[in-house]
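Novice: Once you've had a glance at the structure underneath, I'll fire off some questions.
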Amino acid sequence: MKKAGSILRPVPGAISHTARALMAYNLLFLLSCIAFVSSSSHAYVYPPLVEGLSFTFYKSTCPDLESIVRSYLKQLFQSDISVASGLLRLHFHDCFVQGCDGSILLDGSFSGPSEKGATPNLTLRPAAFKAINELQTLITQACGPVVSCADISALAARDSVHLEAVLSSLPSPTSNVTVLIDVFTELNLTTKDLVTLSGAHTIGIAHCSSFEDRLFPTQDSTLDPIFAENLYLSCPVLNTTNTTVIDIRTPNTFDNKYYVDLLHREGLFTSDQGLYEDFRTKPFVIIFALCQHMFFENFVYSMTKMGQLSVLTGSQGEIRRNCSVLNSNLSWYAVDGDGHDGKVF
């Protein structure tokens, strides 16, 4: 196995201007990483907050909010750690479609279909939706109806990372880097944000249908041969319904091993491995693979930035009494004797 540091070692012979620039860029990042690690008083840097948002917004109306969320998730993850990636992915899918408004949580009804039914969202985990609804119940019991469903989703995604240590908006796992950059640019997110947020794939699973184009009809040349052989064991033919982990090194730990996978051509999706193949994104992949602290620092920044996309503040939105239904539609929603949601009439 190659040492991670070997990727910065020039091969014998002439070195192009591009190669020199790339090595200098990486060296600067490595020096930054060393400075970061050696600093014991480092505090995370956050992007400017959208007007109306505050990290202490619920300090007076629901002072126990964060402890309620963290306590619930800590217990939940003890029985099923895979829900962590489900909650993180749920937050991504909410924010990338019309902003972070909790709309991904809404069920379809007489008024029309929901985001849940869109093709990119069909693989979102039911356990993640269930967790959000149960969290909302606990929070409402403790504080009343004061915390929005969008904020519950954001808090759940944040603590999922912490406790680990619709078609036009959501890019497909088969997308190339140019498509990904274009999608992120439209949302005022940078190429660096793209590579950083892709690191969320360090936890979670994927269905064969998400990457089978790299196996059939011919094997993708950017796949490591041994890695590809193992993928065929899970997905031997087209349209297999099996799943596999995204990060083969530490699938249940939030760390920087996703980027190490890319260096070894073991990225699962086209949209993953392409980040290491494209000159615009490769430098970020390298530094995050070499410096986990740098990845963590940038992930905090980019997640906070993404979490403010077209947010609803003040009177723009509503505090839903049920995260699956708009308050105006609750009269159409049946509730059984145990308080569980039934069917829409």
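The values are calculated or read from the model by the stated rules, or taken from the named source; none is laboratory data. For clarity, every value in this text was computed on a predicted model and none was experimentally measured. Don't worry about glycine lacking a Cβ; one is built from the backbone with ideal geometry, like all the others, and counts go over all protein chains shown. Each accessible area value is taken on the protein alone, full model and side chains, heavy atoms only, with ligands, DNA and RNA left out. Shrake-Rupley method; radii C 1.70, N 1.55, O 1.52, S 1.80 Å.
Novice: With a sphere of radius 14 Å drawn around the Cβ of LEU155, what net charge do the other residues whose Cβ falls strictly inside it have (Lys, Arg +1; Asp, Glu -1)? Don't skip to the end; give the middle numbers.
Specialist: On the way: positive: LYS59, ARG70, LYS74, ARG158; negative: ASP64, GLU66, ASP94, GLU134, ASP151, ASP159.
Local charge sum for LEU155: -2.
Novice: For the range 45-94, which chymotrypsin sites (Phe, Trp or Tyr not before Pro) are both in a DSSP coil and crowded by at most 15 other Cβ atoms within 10 Å?
Specialist: Taking the range 45-94 and a limit of 15 other Cβ atoms within 10 Å, the loop chymotrypsin sites (Phe, Trp or Tyr not before Pro) found are PHE55.
Novice: With Cβ to Cβ distances under 14 Å as the rule, what net charge do the other residues near ALA206 carry (K, R +1; D, E -1)?
Specialist: -3
Novice: Can you give the local net charge around LYS257? Use residues other than it whose beta-carbon is closer than 11 angstrom to its beta-carbon, Lys and Arg +1, Asp and Glu -1.
Specialist: Taking every Cβ under 11 Å from that of LYS257, the sum is -3.
Novice: Provide the gained length on full extension for the span GLU277 to THR174, in nm with one decimal, where the gain is 0.36 nm per separating residue minus the Cα-Cα distance.
Specialist: Difference between extended and current length: 35.7 nm.
Novice: Could I ask something else about it? Subtracting the Cα-Cα distance from 0.36 nm times the residue separation, let me have the gained length for HIS207 to GLN316 in nm, one decimal.
Specialist: 35.6 nm
Novice: Take the Cβ-Cβ distance between THR140 and ASN242 as r, set R0 to 51 Å, and report the resulting FRET efficiency rounded to the nearest 0.05.
Specialist: Taking R0 as 51 Å, the efficiency between THR140 and ASN242 is 0.85.
Novice: If you don't mind, there's one more thing I want to ask. Please give the FRET efficiency for LYS192 paired with GLU51, using the beta carbon to beta carbon distance and R0 = 25 Å, rounded to the nearest 0.05.
Specialist: Once rounded, the FRET efficiency stands at 0.55.
Novice: For the range 153-161, just list the computed ³J(HN,Hα) in residue order, Karplus coefficients 6.51, -1.76 and 1.60, θ = phi - 60°, integers in Hz, with x standing in for Gly and Pro.
Specialist: Working through the residues one at a time gives 4, 5, 5, 5, 5, 4, 6, 4, 6 Hz.
Novice: Cut-off under 18 Å on the C-alpha distance; same-chain residues fewer than 8 positions from LYS257 excluded. Which aspartates and glutamates are left, in chain and number order?
Specialist: GLU164, ASP193, ASP224, ASP247, GLU266, ASP272, GLU277, GLU297
Novice: Ok, one more. Using a 1.4 Å probe on the protein heavy atoms, what percent of the accessible area of the range 205-320 belongs to carbon and sulfur?
Specialist: Carbon plus sulfur share of accessible area: 54 percent.
Novice: Find the accessible area per residue for the range 44-88; the probe is 1.4 Å, ligands and nucleic acids are left out, and the unit is Å².
Specialist: About 63 Å² of surface per residue is accessible.
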